[in-house]
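S.K.: To start, I am sharing the structure in question, which I have written as structure tokens.
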């Protein structure tokens, strides 16, 4: 039995990633067969005619109800809302075509480049930045184009970090993916390779021993994955993530802030806590790119700031992602932060804590300046009073806390 009770016709197919792909849902008739009572099949068909879709049996099993109110259904099934086309939305919002320096190789930052290795995924996320290319055909970068990309990297030794993206590179057969990874690893100046994949979320059975052994041979390799909702952290997905980490491959997560999916502070808190338990570092929370077909997913930036305010102080710093927006045109990511600096002067900066308290931080005196008279407490009165009240142990001899141990 698979996630949430999914029982394939052939039980072996549940763990065969190729069978999962062969049996994926790719048209409205298959959707209606899988989800009786499918809402607005005509509208779904219109959206699918413009933006293809594919859903693995495993990921479909995570849907609790066939409704666009269900976060898994909403992320994977075409919605007629995708046909809403405001003029400020773009085909290529982050300027990948503009910054493509060799076929499939995008160079936007001085020390990083990205190789678009494939055009297909296990599940075509409805919020995808590359809706313009994903699903159009089942293709992978050719050997000749891979050679061109490698030649560019060799001619630009400032590139130390190469992201292999797609589509989803893990949907390639392992020998074909190894050809790509080996070619990049042969570039002497490349220090780190990152694999960008949603397979641990949508096709966790793809994380097999052959794949992990291959990646170990070509390290150091990092893996970026893409969990958006706590329901995606199934036992099967967590096991796949654990196998990646156990193979010595650090695993980071990049979520996208999506209306109706994770635009709730408590949902996001549950997600980041679950990621840490699975040994996945929450890395980015992205504001939706301005890409055509995803207006119904976009949230105000204020919603993301509210979520980041909620997380700060309530979860470990390890669990807090960087909230960011990728500026159109390929100008790079801009971190979006709640305002914790209230005011600034040459002598003091007033800071606001996550509890809403204020601290007057004295800036360092310029070199050679005369010492100032001692100042009073710079904590606000309420906090200071509680701090004094709570000093139950701070005045004790520290030795009282410790048990003596023998010398080593």
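The values are calculated or read from the model by the stated rules, or taken from the named source; none is laboratory data. Note that the structure is a prediction, hence the values are computed from the model and not measured. Every residue, glycine among them, receives a Cβ derived from its backbone with ideal geometry; neighbour counts consider all protein chains shown.
S.K.: Within segment 291-358, considering only strands (runs of 3 or more DSSP E) that don't extend past its boundaries, which have at least 3 residues that are within 16 Å of the chain's Cα centre (by Cα)?
M.R.: Correct list: 322-327, 332-335.
This table checks each residue for (1) assigned by TED's automatic domain parsing to the domain that holds residue 229; (2) without any contact (Cβ under 8 Å) to a residue 60 or more places away in the chain; (3) crowded, with 22+ Cβ neighbours inside 10 Å.
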site	(1), (2), (3)
247	yes, yes, no
252	yes, yes, no
259	yes, yes, no
271	yes, yes, yes
274	yes, yes, no
280	yes, yes, yes
284	yes, yes, no
291	yes, no, yes
303	yes, yes, no
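S.K.: Answer yes or no as to whether residue 321 is within 30 Å of residue 113 (Cα to Cα) and modelled with pLDDT of 95 or more.
M.R.: Considered against the rule, which asks whether it is within 30 Å of residue 113 (Cα to Cα) and modelled with pLDDT of 95 or more, residue 321 comes out as yes.
S.K.: Which one is nearest to the chain's Cα centre (by Cα) among residues in segment 151-170 that are in a loop (DSSP other than H, G, I, E, B) and at pLDDT 95 or above?
M.R.: Ranking the candidates gives 168 first.
S.K.: When you scan segment 143-163, do you find a residue that is within 21 Å of residue 228 (Cα to Cα), surrounded by fewer than 22 Cβ atoms within 10 Å (Cβ to Cβ) and in contact (Cβ under 8 Å) with a residue 40 or more places away in the chain, even just one?
M.R.: The answer is yes, given that some residue of segment 143-163 is within 21 Å of residue 228 (Cα to Cα), surrounded by fewer than 22 Cβ atoms within 10 Å (Cβ to Cβ) and in contact (Cβ under 8 Å) with a residue 40 or more places away in the chain.
Conditions tested, residue by residue: (1) modelled with pLDDT under 85; (2) over 30 Å from residue 96 (Cβ atoms).
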{"site": "325", "(1), (2)": "no, no"}
{"site": "332", "(1), (2)": "no, no"}
{"site": "339", "(1), (2)": "no, yes"}
{"site": "345", "(1), (2)": "no, yes"}
{"site": "350", "(1), (2)": "no, yes"}
{"site": "360", "(1), (2)": "no, yes"}
{"site": "364", "(1), (2)": "no, yes"}
{"site": "393", "(1), (2)": "yes, yes"}
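S.K.: If you scan segment 171-227, which residues turn out to be part of a helix (DSSP H, G or I), within 22 Å of the chain's Cα centre (by Cα) and more than 21 Å from residue 156 (Cβ to Cβ)?
M.R.: 171, 177, 199, 200, 201, 202, 204, 205, 206, 211, 212, 215
Yes/no matrix, rows are residues, columns are (1) without any contact (Cβ under 8 Å) to a residue 12 or more places away in the chain; (2) touching a helix residue (DSSP H, G or I) at 6+ places or on another chain (Cβ under 7 Å):
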residue	(1), (2)
298	no, no
306	no, yes
314	no, yes
323	no, yes
332	no, no
338	no, yes
350	yes, no
359	no, no
369	yes, no
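S.K.: Within segment 53-62, take every residue that is part of a loop (DSSP other than H, G, I, E, B) and either within 21 Å of the chain's Cα centre (by Cα) or outside the structural domain of residue 19 (by TED's automatic domain parsing) (or both) and give me the one that is surrounded by the most Cβ atoms within 10 Å (Cβ to Cβ).
M.R.: Across segment 53-62, the extreme among qualifying residues is 56.
S.K.: Let me ask another. Have a look at 46, 74, 108, 98 and point out the one that is touching a residue at least 12 places away in the same chain (Cβ under 8 Å) and part of a strand (DSSP E or B).
M.R.: Matching residue, one of 46, 74, 108, 98: 108.
S.K.: While we're on this one: For residue 270, only one of the following conditions fails: (1) farther than 18 Å from residue 338 by Cα; (2) in contact with a strand residue (DSSP E or B) (Cβ under 8 Å, 6 or more places away or on another chain). What is its number?
M.R.: (2)
S.K.: Kindly indicate which of 125, 121 is assigned to a loop (DSSP other than H, G, I, E, B), within 20 Å of the chain's Cα centre (by Cα) and within 18 Å of residue 194 (Cβ to Cβ).
M.R.: 121
S.K.: Of everything in segment 77-95, what is surrounded by 15 or more Cβ atoms within 10 Å (Cβ to Cβ), outside any helix (DSSP H, G or I) and over 22 Å from the mean Cα position of the chain (by Cα)? Give them in sequence order.
M.R.: Matches in segment 77-95: 79 only.
S.K.: Follow-up. All but one of (1) closer than 25 Å to residue 59 by Cβ; (2) at pLDDT below 95; (3) surrounded by fewer than 21 Cβ atoms within 10 Å (Cβ to Cβ) hold for residue 103, so report the exception by its number.
M.R.: Here residue 103 meets the rest and fails (1).
S.K.: Is it the case that residue 219 is on the phi > 0 side of the Ramachandran plot and either surrounded by fewer than 23 Cβ atoms within 10 Å (Cβ to Cβ) or not assigned by TED's automatic domain parsing to the domain that holds residue 17 (or both)?
M.R.: No; evaluated as a whole, the condition is false for this residue.
S.K.: Consider residue 209 carefully, then state whether it is without any contact (Cβ under 8 Å) to a residue 12 or more places away in the chain, out of contact with any strand residue (DSSP E or B) (no Cβ under 6 Å at 6 or more places or on another chain) and on the phi < 0 side of the Ramachandran plot.
M.R.: Yes, satisfied.
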